[in-house]
Number of protein chains: 2
Amino acid sequence: MDIPFFYEADLPVTPGLFTLSEESSKHCSVVLRMQPGESISLTNGLGLSCIGKLVSADKKKTVVQLFDHKQESRTNPQNSIAISFVKNAARMEWFLEKATEIGIDAFYPLIAERTERTHFKKERWEHILVSAMLQSKQVFKPVLHEPVEFKILIQQPLEGHLLMAHCENGPKQLIQSIDKSKPALLLIGPEGDFSPAEILMAEKAGATMINLGVTRLRTETAGIAAAVLLQHR
Amino acid sequence: MDIPFFYEADLPVTPGLFTLSEESSKHCSVVLRMQPGESISLTNGLGLSCIGKLVSADKKKTVVQLFDHKQESRTNPQNSIAISFVKNAARMEWFLEKATEIGIDAFYPLIAERTERTHFKKERWEHILVSAMLQSKQVFKPVLHEPVEFKILIQQPLEGHLLMAHCENGPKQLIQSIDKSKPALLLIGPEGDFSPAEILMAEKAGATMINLGVTRLRTETAGIAAAVLLQHR
């Protein structure tokens, strides 16, 4: 799929004419200078994709003829990562881009006891997820949840594995050994790590403590290592 | 090891007085405002580490008393990554930081047929490796090789596994299945991927083609995914 790939949240499920969003219209007609008759592919980020043949190119209202619809279903298992905000916002955004490329299904911005600052930019972050999804030719956009406090998230009912990565000693498992028939939610703490109380809370909630390797990783690096290992378990 | 951690390439192997480099002296005395009697830890990036007790704090010549030397040996297997330059230099530097945190032993900046630009900044990159090594509490600094052309590198004698990641179809193995008793060198191509000729060259050189997952990854993301999987094989 190497024709230009666009995201349209409200992509119709049936063939017919469709007017691209202003952002897509501009990208199509101004940036890529596409002409009527040329084709793009589109997704709604929910597994639906189709081809769009340009009928008219306009920087605000480019019209395409939609056809060849496909609806994919998510490949299991679902992998979600709850990761603490870090001081440097750029590192968080970088994590979101990379973990999306790697195929993580959902993100929970986490507010833990030692989280030093929060900087939730929903619109900007959604844009990063969309770009990374298109970049990596995927038709599913990860779900970006609202920021949540650790003690709230930990109490929510969860199907599948609850996993936690922390730097304290204690028995830990390799992610590769986690049964992959079930979804997993992995918890990553802030620069100062999870507090002993939070680790205890997670244990009581049935969390499996996991090992991300021998070196000490930054929060966002731990997030990426976890993303790769979750996808390859 | 949560006392301040410093890199000194010429760290003496025996106890005694040692004058820190100007950069370390400044960081110690000005940034951290450390006083005589306080302790730091040091490494030469080659497995040697020791404690240094401040004798005098000076922004240019801070003197420490060295003791408690330890020499670690590298944990096998050695994992090296040869990765093409990418257009965006910041993405390459980001890869170097993350792959160092994860524990990769050596890097080869690669010039492949479709590599669009090269931007080797040896001093700056070495600094990134040192920072990431200290950040992740490691005592081995990865080896940063000079940029090398793909067809030169591929002809060099190699002990261990030669692995290649590319986006073309064909049989591929999972890194996790690669025997970990031997070192590995993994090849990652540019944005435009390796050329068919390069893939053929690698096959002739005995390379194993590896699979980094179902999604299409940017060069630097593929590098990180490979780093994580190599370290966890």
Label-point separation, A:T14 to A:L200 (7 Å along Cα→Cβ), nm: 6.0 nm
Length-normalised contact order for region B:5-71 - Cα pairs under 8 Å, 6+ apart - percent: 40 percent
Residue of chain A nearest the A-to-B rotation axis [by Cβ], rounded angstrom distance: A:V228, 2
Shielding of B:134-146 by partner chains, average beta-carbon count, 10 Å: 1
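Calculate what fraction, in whole %, of the accessible area of chain B sits on carbon and sulfur atoms when a 1.4 Å probe is rolled over the protein chains. If you can, show how the numbers build up before the last one.
Numbers: 5630 of 10920 Å².
After summing per-atom areas, the C and S share lands at 52 percent.
Compute for chains A and B the buried accessible surface, both sides summed, probe 1.4 Å, and express it in Å² to the nearest 100.
Numbers: alone 12010 and 12030 Å², together 21800 Å².
The contact between B and A buries close to 2200 Å².
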Region A:165-233 and region B:173-229: distance between their alpha carbon centers, rounded to Å: 26 Å
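Work out the length of the dipole vector of region A:178-233 about its Cα centre, built from +1 on the beta-carbon of each Lys and Arg and -1 on the beta-carbon of each Asp and Glu, and round it to the nearest 20 debye.
Numbers: 6 positive and 6 negative charges, 50 e Å.
Taking the Cα centre of region A:178-233 as origin, the dipole is about 240 debye.
Rounded to the nearest 0.05, what FRET efficiency do B:K61 and B:R124 give with R0 = 25 Å and r taken as the Cβ-Cβ distance? Could you check?
Details: r = 25 Å, r/R0 = 1.02.
Efficiency at R0 = 25 Å is approximately 0.50.
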Euclidean distance of C-alpha centroids, region A:9-68 and region B:108-142, integer Å: 41 Å
Leading residue at positive end of dipole, chain A (Cβ point charges), from A:Y108, A:S195, A:F18: A:F18
Qualifying GluC sites (Glu not before Pro) for region A:1-108 [loop in DSSP, other Cβ within 10 Å: at most 15]: A:E72
Within region B:87-131: backbone nitrogen closer than 18 Å to the B:I152 label point (7 Å, Cα to C-beta): B:107-123
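Rounded to the nearest 20 debye, what is the charge dipole size of chain B about its Cα centre when +1 sits on each Lys and Arg Cβ and -1 on each Asp and Glu Cβ?
Values: 26 positive and 27 negative charges, 56 e Å.
Around 260 debye, computed over chain B.
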Selection from A:H166, A:I152, A:S131, by position along the positive dipole direction of region A:87-231 (Cβ): A:S131
Average accessible area per residue (Å²) across region A:79-231 - probe 1.4 Å, nucleic acids and ligands excluded: 41 Å²
Averaged over B:207-216, number of beta-carbon atoms from partner chains that fall within 10 Å: 4
B:V143/B:E38 FRET efficiency (R0 30 Å; Cβ-Cβ; nearest 0.05): 0.40
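Relative contact order for region B:32-80: what percent, with Cα pairs under 8 Å and sequence separation of 6 or more?
Numbers: 72 pairs, mean separation 14.9, N = 49.
After rounding, I find 30 percent.
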Inter-copy label distances at B:F120 (7 Å, Cα→Cβ; nm, one decimal): 4.7
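Between A:K26 and B:V214, how high is the FRET efficiency from 1/(1 + (r/R0)^6) when r is the Cβ-Cβ distance and R₀ = 35 Å? Nearest 0.05.
0.65
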Helical mean residue ellipticity (222 nm; -39500 (n - 2.57) per DSSP H run of 4+; nearest 500) of the protein assembly as shown: -7500 deg cm²/dmol
Nearest-20 debye value, the protein assembly as shown charge dipole, Cβ charges on Lys, Arg, Asp, Glu: 180 debye
Of every Cα-Cα pair in region A:5-71, the percent that sits beyond 19 Å: 19 percent
Positive-end residue of B:H119, B:A205, B:F67, charge dipole of region B:63-208 with Cβ unit charges: B:F67
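For peptide A:183-194, what's the mean number of Cβ atoms from other chains within 10 Å of each residue's Cβ?
Working: counts 0, 0, 0, 0, 0, 0, 0, 0, 0, 0, 0, 0.
For this peptide, the per-residue mean of nearby foreign Cβ atoms is 0.
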Cα-derived Rg over Rh, computed across the protein assembly as shown with Rh taken as Kirkwood radius: 1.00
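What relative contact order, as a whole-number percentage, does chain A give when Cα pairs under 8 Å and 6 or more residues apart are counted?
Details: 477 pairs, mean separation 47.5, N = 233.
Result for chain A is 20 percent.
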Along each principal axis, Cα extent of chain A, largest first, Å: 62, 35, 30
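Taking each full run of DSSP H in chain A as one helix, which ones are at least 15 Å long along their axis (Cα atoms) and have mean Kyte-Doolittle hydropathy of at least 1.6?
Values: long enough: A:89-102 (20 Å, -0.15); A:122-135 (19 Å, -0.27); A:219-231 (18 Å, 1.13).
In chain A, no H run is both long and hydrophobic enough.
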Cβ-vector label at 7 Å, B:L174, separations to other copies in nm: 1.1
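The values are calculated or read from the model by the stated rules, or taken from the named source; none is laboratory data. Being a predicted model, the structure only gives us computed values, none of them experimental. Heads up, the Cβs are rebuilt from the backbone with ideal geometry, glycines too, and the neighbour counts pull from every protein chain shown. In case anyone asks, the SASA skips ligands and DNA or RNA and just uses the protein heavy atoms, side chains included. Shrake-Rupley method; radii C 1.70, N 1.55, O 1.52, S 1.80 Å.
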